[in-house]
Each structure stands twice: as C-alpha cells, then as structure tokens.
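What follows is one structure encoded as structure tokens, with my remarks underneath.
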Amino acid sequence: MNRKPPDALPSVSETLRTTPLFAAFPDADMEAVAHFCHVRSFRPEEILFREGEACSAVYCLVSGLVKLYVSGPDDHEKVVEFVDPGRTFAEAAMFSGQGYPVTAMALDDSQVIAIDAFSLMRYLRQHADLAWQMLAVMSRRLHYLVNQIRSVSLHNSEQRLAAYLLENYDPEERDRPVARIPARRSELASMLGLTTETLCRAVAKFRRQGSIHTLDHDIVVQDPEALRELVNRPRR
C-alpha cells in the first residue's frame, strides 16, 4: 500500500464534492475536511480494512474497483456490493462505533481518498447540519440495499440481473457502462445470489436479445424497457 499527501490530487475537496455524501458541503467545510485526508493506492486483492476492525477512515474511491463482502463459515464469502469510482464507503461504520461490518478488497489497481474517521466525526459534532445531510444520504443507500435483498428474495436469476443493471442505469448517460464484470465472475454472481454459470447464461441471453452489449468487462444497457418489463413480470 502506498500513501500520498492530499495535494497528490488536483483537488481532494473537489473530488469529494462529486460524491453524494459531500455534494452539499459548503466550500469552507469541504476545505476543512480535505485536511483530514490522504491518498492511498492498493494493488489487486489487497485489503483496505477487515470486518470487525475499528473504523479508522471513511473512503472515497477515485479509480479502480473495490468489493465489500462478509465472511461466513469455512471462509465462505458473500459479496455485498461493488464500489465504483466516485463512491464513498464505510460511512456507517463511523457513525455506529461498532467497527467495519464488511471487509473491503481492491479488485483492480485502485486509488482512494481516506478521510480520518476520528477527525471527521469531531468536525461533524460541531456542525450538526452537515451530519444530518450525511445521514440522509446513508438512509437512501440503506433503501438501495434493502431493495437488493428484496430482489434476491422475489426475483428469478434473470430478473435479479436486470434489476441490478437498471439500478445503475442513467437515461441521461445512455452509453455509460452500468456495471463491470470482475475478472472473477463469481464475485458478481455472489452479490446477486447466483451461480457463476447462471450469471454467464443470463448475460449471454441479454446480449443475444439486444438488451445489453458488453465491451471488455463493461456492460452497457441498450434496451432498458425490455429489462423493466422483465423485472415487473411475475415470477414463475
């Protein structure tokens, strides 16, 4: 792991401002938060933090790909979600005071902004309005995760994949990839509650039908209406 000072980026504060968590922070507060930050680089399969560890930092992914997962019996992993660039993670651990609920691992060469959790929490205690803004963002994130659980419970394999793609689809950026298939497809399959073979069949079927196209490891939605129709179809 490499560590760089905050000025290694053109502007740490502006990078953080592009995230939902810090989007509404005034300039002065954003500059103050930037003083709590440093930049870290991680290699593939390097651990950022482990489940159960005390929360020492909140993270913003600048580049690369990070997976969040929990461990079960016999070291079985269950992927909770993938973090793409421009996303923050580990905020809930800072507020809960109970340590990180998941393990974070870099899947590609990844660069993050690490925000010192103790310093950020102390600042938020002095600026309650900012804390409420952050909690509102985290609440929306919780709803997203609940919807993921509902999708796994109520949808078949193709519906789960379609719902995941639509959750990340932005009609104003139609050509933007909505998902990235990790080098090990079992990672994405685990998050969706599928076997690797089932995931590959669903991706291939969507591609044949013209609902998506793939470029390297990226998935781009071509026919969102077809995917919505599939998601809303009663499960057989």
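Coordinate-derived values only; no laboratory data. All figures in this text were calculated on a predicted structure; none of them were measured in a lab. Neighbour counts are summed over all protein chains in view; Cβ atoms, including those assigned to glycine, are modelled from backbone coordinates with ideal geometry.
Quick notes on this one:
- Considering only HIS217, ALA24, ALA202, the residue lying farthest towards the positive end of the dipole of the chain is ALA202, judged by Cα position with unit charges set on Cβ.
- Percentage of interatomic Cα-Cα distances in the stretch 1-132 larger than 24 Å: 26
- Each of THR196 and TRP132 was given a label point 7 Å from its Cα along the Cα-to-Cβ line. The distance between the two points is 4.9 nm.
- Residues with amide H under 5 Å from that of LEU48, placed H, sequence gap 5 or more: ALA104, MET105, ALA106
- Inter-site label distance for ARG208 and HIS35 at 7 Å from Cα along Cβ, in nm: 6.1
- Estimated dipole of the chain in Debye, rounded to 20 [Cβ of Lys and Arg +1, of Asp and Glu -1, Cα centre]: 740
- For the chain, fraction of C-alpha pairs farther apart than 34 Å, in %: 19
- Integer Hz, Karplus 6.51/-1.76/1.60 couplings in order for the stretch 218-225, x for Gly and Pro: 8, 10, 10, 6, 9, 9, x, 5
- Using R0 = 25 Å, the C-beta based FRET efficiency linking GLN98 and LEU215 works out to 0.05.
- Sites ASN168 and GLU45, calculated FRET efficiency, Cβ-Cβ separation with R0 25 Å, nearest 0.05: 0.55
- Derived scalar couplings between HN and Hα for the stretch 125-132 equal 5, 8, 9, 4, 5, 5, 4, 5 Hz in order, rounded to whole Hz, by the Karplus curve 6.51 cos²θ - 1.76 cosθ + 1.60 (θ = phi - 60°), x for Gly and Pro.
- Taking one quarter of the surface of the C-alpha convex hull of the stretch 84-134 gives a mean projected area of 4.2 nm².
- Amide H to amide H, with H built 1.01 Å from N, ARG87 comes under 5 Å of LEU61, counting only residues 5 or more places away or on other chains.
- Cα→Cβ-extended label distance, 7 Å offset, between ALA24 and GLN222, nm: 4.0
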